[in-house]
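Engineer: Structure incoming, see below.
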Amino acid sequence: EKQGFRHFMLKEIYEQPGVVRTCLEAYLDQDWHAGQNSETSPIHLNLSPTLTENLENIQILACGTSWHAALVGKYLLEQLVGIPTSVQYASEFRYAPAPITPHTLTIGVTQSGETADTLAALDLEKRRRGNLETKFQPHLLGITNRPESTLGQMVDEVIDTHAGIEIGVAATKTFIAQLIGFYCLSLDLAYQRKTLSEERIEEILDNLRYLPAQIELILESQERYIEELAHDFAETQDFIFVGRGINFPIALEGALKLKEISYIHAEGYPAGEMKHGPIALLDNKVPVVSIAMPGCVYEKVLSNAQEAKARDARLIGVTAMNDTEANDTFDNLLPVPEVEELISPLVTVIPLQLLSYHIAARRGLDVDQPRNLAKSVTVE
Ligand code: F6R
């Protein structure tokens, strides 16, 4: 049931505040406070200690949008917990697996839980490690909204993202839920390994708790404007999305969403890479969407945006609502609430979902069932 929405994709975009709320309620301990010596983690994932003790490496296997969620996960696991983390396309890994490292957790991320490549890559990992000595034994964790899926049966444990079933082929609510899964995992590990202080963990958790209201605010305040803006791009043939750091995967995700439902060619790049080639593509026909949130790469992203502007590109900025400086740089703004950089992917992805939805809808396309795509890719 679309419940009054034109498409399932739009309905699912609007379900995101609720999905975030449900996932956080499932895992966060409401009564935990820093400094109370409770000796229990504020995040209750109930993972068995054998899965996370002595961990030295993490490898994440996924495809498509889930692979983008994995890239945000890598950022969190490396920057907050300090565990070397690699992210592999499952379709590549299954034919060229990385060397076997000791004390390694393998995480499979898939919303359907049925993606053939992801399952095959996990199965390979299980088989090739199965007969080795203890430190090389497989430890498999799944992140999915479908714990009952084949993935769920294959892995040792699952983080259920509580997003429910998604009907629109373009992943939206399941993506944000996978991100929440990675925040919970990273903060739990940071607590166990004491790589963050309890005060810092509490601060991040409080910021996560504001998210549902902040996402609601974006949906309420931006959708009408984005729908208008989409008119300008009905004939556009190419788009570039740029971001840096924790928002680089969101640039990739913005580009993937746009290409899969609007059939407009789009690329995502880390903003600093533009000058190594892609900048040659720019002219006044190629809009550039730049994610420029306050944080350690803000100034860099702005100067990368100005380089694009010098090539006559139309610049659209995903910026903080109170950022007045951004006005001078960008032709159009997609403002989101100011949040700390670490949390920002959870808000910056929302206007990009709306933008691709409205461009595709404006072009009269079948948003929920784009050509050549299936919700669950169960063949190789
Ligand atoms: C993008 C999209 C696909 C999937 C990919 C993996 O909107 O839907 O790129 O993300 O096919 O699917 P799952 O997560 O089911 O493994």
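The values are calculated or read from the model by the stated rules, or taken from the named source; none is laboratory data. Model, not experiment: these values are computed from the prediction. As a convention, Cβ positions derive from the backbone with ideal geometry for all residues, glycine included, and neighbour counts pool all protein chains shown. What goes into the accessible areas is simple: the full protein's heavy atoms, side chains included, and nothing from ligands, DNA or RNA. Shrake-Rupley method; radii C 1.70, N 1.55, O 1.52, S 1.80 Å.
Engineer: For segment 237-264, which positions are of a type outside the set (Asp, Glu), more than 14 Å from the ligand (Cβ to nearest atom) and either within 26 Å of residue 300 (Cβ to Cβ) or open to solvent by less than 10 Å² (accessible area, probe 1.4 Å) (or both)?
Structural biologist: 239, 240, 241, 242, 243, 244, 245, 246, 247, 248, 251, 264, listed by residue number.
Engineer: Also, quick follow-up: Quick one: residue 30 ticks every box in (1) loosely packed, with under 15 Cβ neighbours inside 10 Å; (2) touching a helix residue (DSSP H, G or I) at 6+ places or on another chain (Cβ under 9 Å) except a single one, so which number is it?
Structural biologist: Tallying (1) loosely packed, with under 15 Cβ neighbours inside 10 Å; (2) touching a helix residue (DSSP H, G or I) at 6+ places or on another chain (Cβ under 9 Å), residue 30 fails exactly one: (2).
Engineer: Another one. Name the pairs: first residue in segment 260-271 and under 16 Å from residue 64 (Cα atoms) and in contact (Cβ under 8 Å) with a residue 24 or more places away in the chain, second residue within 15 Å of the ligand (Cβ to nearest atom) and hydroxyl-bearing (Ser, Thr, Tyr), Cβ to Cβ under 6 Å, at least 6 apart or on different chains?
Structural biologist: From segment 260-271, the pairs are 261/356.
Engineer: Limited to segment 129-149, what total is found for residues that are open to solvent by 60 Å² or more (accessible area, probe 1.4 Å) and in contact with a Gly (Cβ under 8 Å, 6 or more places away or on another chain)?
Structural biologist: 2
Engineer: Right, another one. Go through the residues of segment 182-194 one by one and say whether even a single one is under 19 Å from residue 90 (Cβ atoms) and of a type in the set (Ser, Thr, Tyr).
Structural biologist: The answer is no, given that none of the residues of segment 182-194 is under 19 Å from residue 90 (Cβ atoms) and of a type in the set (Ser, Thr, Tyr).
Engineer: Cβ contacts < 8 Å: first residue at positive phi, restricted to segment 153-178; second residue modelled with pLDDT of 95 or more and within 14 Å of the ligand (Cβ to nearest atom), any location; separation 6+ or different chain. Result?
Structural biologist: Close Cβ pairs (under 8 Å, with a partner that is modelled with pLDDT of 95 or more and within 14 Å of the ligand (Cβ to nearest atom)) amount to 162/145; 162/177; 164/145; 164/173.
Engineer: Now, a different point. May I ask you to verify whether residue 170 is under 19 Å from the mean Cα position of the chain (by Cα), closer than 30 Å to residue 309 by Cβ and within 16 Å of the ligand (Cβ to nearest atom)?
Structural biologist: yes
Engineer: Give the residues of segment 246-305 that are part of a strand (DSSP E or B) and among the hydrophobic types (A, V, I, L, M, F, W, C), sorted by residue number.
Structural biologist: Correct list: 266, 288, 289, 291, 292.
Engineer: Please find, within segment 33-53, the residue that is least open to solvent (accessible area, probe 1.4 Å) out of those that are free of Cβ contacts under 8 Å to residues at least 60 places away in the same chain and over 24 Å from the mean Cα position of the chain (by Cα).
Structural biologist: That would be 38.
Engineer: For segment 28-69, what are the residues that are within 16 Å of the ligand (Cβ to nearest atom), in a helix (DSSP H, G or I) and farther than 23 Å from residue 206 by Cα?
Structural biologist: 64, 65, 66, 67, 68
Engineer: Going through 213, 170, 177 one at a time, which residue ends up being in a helix (DSSP H, G or I) and open to solvent by less than 30 Å² (accessible area, probe 1.4 Å)?
Structural biologist: Of the residues listed, the single one that is in a helix (DSSP H, G or I) and open to solvent by less than 30 Å² (accessible area, probe 1.4 Å) is 177.
Engineer: Residues in segment 345-380 that are open to solvent by less than 10 Å² (accessible area, probe 1.4 Å), within 12 Å of the ligand (Cβ to nearest atom) and of a type in the set (S, T, N, Q): how many?
Structural biologist: 2
Engineer: May I pose another question? Does segment 70-89 contain at least one residue that is out of contact with any helix residue (DSSP H, G or I) (no Cβ under 8 Å at 6 or more places or on another chain), farther than 13 Å from residue 186 by Cα and more than 13 Å from the ligand (Cβ to nearest atom)?
Structural biologist: Looking for residues that are out of contact with any helix residue (DSSP H, G or I) (no Cβ under 8 Å at 6 or more places or on another chain), farther than 13 Å from residue 186 by Cα and more than 13 Å from the ligand (Cβ to nearest atom), one finds none in segment 70-89, hence no.
Engineer: Name every residue in segment 17-31 that is over 14 Å from residue 181 (Cα atoms) and touching a residue at least 40 places away in the same chain (Cβ under 8 Å), in order of residue number.
Structural biologist: 17, 18
Engineer: Of all residues being under 15 Å from the mean Cα position of the chain (by Cα) and β-branched (Val, Ile, Thr) in segment 61-90, which is farthest from residue 378 (Cα to Cα)? Just the residue, please.
Structural biologist: My answer is 72.
Engineer: Could you tell me whether segment 321-340 includes any residue that is buried (at least 23 other Cβ atoms within 10 Å of the Cβ) and among the polar types (S, T, N, Q)?
Structural biologist: So far as segment 321-340 goes, no, none of its residues is buried (at least 23 other Cβ atoms within 10 Å of the Cβ) and among the polar types (S, T, N, Q).
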